[in-house]
Amino acid sequence: MSNVNMEATNILPILKKKLAFLSGGKDRRSGLILTIPLSSDQTSMEELSATLDYLLSIPSEKCKARGFTVIVDGRKSQWNIVKTVVLMLQNVIPAEVSLVCVVKPDEFWDKKVTHFCFWKEKDRLGFEVILVSANKLTRYIEPCQLTDDFGGSLDYDHSDWLNKRLVFEKFTKESTSLLDELSIINEGDKSSSVDKDKSADCTLLPSFDPETVLQTGHELLSELQQRRFNGSEGGGGGQGGPAWCPMEEELLAQPQVMKLLDSLREQYTRYQELCRQRNKRTQLDEIHAKVMQEWFAVYVELNQQIAALLSTGEEEEVAELKALQQQLSDVCYRQAAQLESRQNVLQAAQGFHSTTQELSQQLDGLLGMLCADVAPADGASIQQNLKLLEEKLQTVEAGLASVRQKGALVLEQMCSQPSWSLEETESPPGDPQDNVQQIQSVMEEMQLRKQRCEDMVDVRRLKMLQMVQLFKCEEDALQAVEWLGELLDALLKTHVRLGDDSQETRTMLDKHRKFVDVAQSTYDYGRQLLQATVVLCQSLRCTTRSSGDTLPRLNRVWKQFSVSAEERQQRLELALNFHTAAERVFQQEFVEAESLDEVDSSGKTLLDRLTTPIIFPDGSEQYFGSPSDTAAAAEGVRERLLLVEERRLQLQEASLHNDEEEEEEEVLNGQEARLDVIGEELSEKEEQEEEEEEAGQQDEDLERTTQDC
């Protein structure tokens, strides 16, 4: 929580007017809701500005970074006042405001008056402004995060909140001042503890009664915890979760109250021990002074009497008197040595018990930290708490070592202390063996307490490490969702080309399969992380914690990616078949018409597929790349189809030429056949004529022979 620069007491009359308030509700971005309920009376802009300055000094910087949603309730006000308030936000909190919801009355302001368009002024204002009816406000804010003024279920009591703020600020102011004073007193006594002549009176008194301040802090803490319990268990749940309580950490900083109480208890305990030690030291000094005065007075008186007798005594008496004088001196010196030894033992015992008391306080603080519930907001705060726990444990270990050292010193001095002579003086009260056993029992008790705390620290350390792992798994699961979303975005926007030939398309298909494997690994990684969160929550018995919408988001993105990847693979496979068939057609000298028709059909199917959108499981549609990217991919297919068509024409021309040559050859063959027939006929005719001539000649020869006869 940031330091509060303003105090509620300084502007208490203004705060009572409830010109603005933080109800504790949150918007859907986890930003706080700031409500400005305008009334029918004239609102002082100066008082409203002072109220806003005070309210904005309460949340932490981390909370402010999430932005505020401001609800300006103008149902009972005039339009010009509403516009003035909205414009004033630009000067008061422009960087923190993300959205301003102006609640309009049922009977809307005159349109001539409301000609000022906020949406056109967004860049100048620095935030978005919307006009909305009270019953439509739930479109932007969950009902459980709205007060009953807007139909919500969030409880808010302004008077109660203001009273708690006053108590909180009073406790913070008094406890901080008291801590500074006690620290000065305690540190001043530690630095001057070696000064034997320093006055033992507790002259430095704190300005405030520590008991009263502690009681106020405990009552405040109890109230905060009770309100937080009621806020988390009461009504107002629903989709937005439990109702946000205005007394939670970001508004009244419950951890800050606990931290102040712990520091105050520690310093006050040290202060009480300091006063106790001073009183004890004072009593010891008084007793020591009286003893020394008594022994010294007796010694002086006896010594004076012996000196008087020596001055007037006989020679025989002088020797006896000197022997008595020597005996008196020996007794006094021995008594002084015993008193000094006793003083050293008491001082060592005082140091031992003081260190033991300090260690006991450290163990109490460590035990209190171990008994407190651990509910940090993120992994960084757990690491910080774990570091603080380890530091406290190291402090306890150092304190126990100091107790052992000082205990050993006390035992050593007690054992080396000269024995008391029953004949010469009284025996000191108490049995030395009892004192030894008491010192040893104290050290054993501290050792046992430290061991118990160590065992509890081991359990708490394991729990906190599991919580660190839980937060880490949740963060990594969200990161996996983002990575998968980036892969989906890259697939849809950049994976459009289909390759210019079969080799390039085959390479792209292999790369696509590897790309899908990466996405599959990312999805599996996210699932494993979410399963680990479930196991850790069960181990930590954290029943109220869950992965929220991370798992649905992961599954939704993965389904979208799977559909897109499958469509991409089918397109690449179609392109590969198309390019392979086309290249086979180009490479063959004689191609059948069926092969050309197959290439043409696969190309047209691929072109139709490029214009088909991807339909996601939720019914939404998406295209690969931009229209220009799709057109470029289709152009490459069309170019190949044109080449195929040219190949078809070439084949058709070659076919026609072959047909003509065959016809000519058939004609020639026919003519030759006819010539052969004619030649054969002529040959037969000639042979017949020759036969006829031979027959005629034979007849002539026969006739001539006959005549001769």
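The values are calculated or read from the model by the stated rules, or taken from the named source; none is laboratory data. As the structure is a computational prediction, the values presented were derived from the model and not from experiment. For neighbour counting, all protein chains shown are included, and Cβ atoms are generated from backbone atoms with ideal geometry for every residue, glycine included. These accessible areas exclude ligands, DNA and RNA; they are computed on the full protein's heavy atoms, side chains included. Shrake-Rupley method; radii C 1.70, N 1.55, O 1.52, S 1.80 Å.
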Measure up LYS18/LYS76; LYS62/LYS472; LYS18/LYS62 against 23 Å on the Cα-Cα distance and list the ones that go over. LYS18/LYS62
With each pseudo-label sitting 7 Å past Cα toward Cβ, what's the ASP330-ARG513 distance in nm, one decimal? 11.0 nm
What is the packing order of peptides 687-694, 257-264, taking the mean over residues of other C-beta atoms within 10 Å and listing the highest first? 257-264, 687-694
Förster radius 41 Å - calculated FRET efficiency between HIS218 and ALA65 (Cβ-Cβ, nearest 0.05): 0.80
Sort 299-310, 212-223 by packing, meaning the average of other beta carbons within 10 Å per residue, with the highest value first. 212-223, 299-310
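Largest first, what is the accessible-area ranking of VAL72, VAL442 with a 1.4 Å probe? Numbers along the way, then the final one.
Values: VAL72 0, VAL442 25 Å².
Reading off the accessible areas and sorting them downward yields VAL442, VAL72.
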Using 7 Å Cα-to-Cβ label points, what is the SER30/VAL535 separation (nm, one decimal)? 2.6 nm
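Mind listing which trypsin sites (Lys or Arg not before Pro) in the range 1-94 are in a DSSP loop and have 13 or fewer other Cβ atoms within 10 Å?
Details: sites: LYS16, LYS17, LYS18, LYS26, ARG28, ARG29, LYS62, LYS64, ARG66, ARG75, LYS76, LYS83; in loops: LYS17, LYS18, ARG28, ARG29, ARG66, ARG75, LYS76.
Within the range 1-94, the qualifying trypsin sites (Lys or Arg not before Pro) (loop, at most 13 other Cβ atoms within 10 Å) are ARG28, ARG29, LYS76.
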Placed amide H near ASP500: partners under 5 Å, 5+ positions off or other chain: THR505
Pull up all non-local amide H partners of ASP73: gap of 5 or more, or a different chain, and H-to-H distance under 5 Å with H placed in the peptide plane. ILE36, LEU38, VAL103
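What pairs from LYS392/LYS463; LYS26/LYS83; LYS173/LYS259 go past 21 Å between their alpha carbons? Kindly include the intermediate steps, with their values, before the conclusion.
Numbers: LYS392/LYS463 17 Å; LYS26/LYS83 24 Å; LYS173/LYS259 14 Å.
Pairs exceeding 21 Å: LYS26/LYS83.
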Output ³J(HN,Hα) for the range 461-477: one whole-Hz value per residue in order, computed from phi by the Karplus curve 6.51 cos²θ - 1.76 cosθ + 1.60 with θ = phi - 60°, and x for Gly and Pro. 4, 4, 5, 5, 5, 5, 5, 4, 5, 4, 4, 5, 4, 5, 5, 5, 5
5 angstrom amide H check on LEU146, placed H, neighbours 5+ away: SER153, LEU154
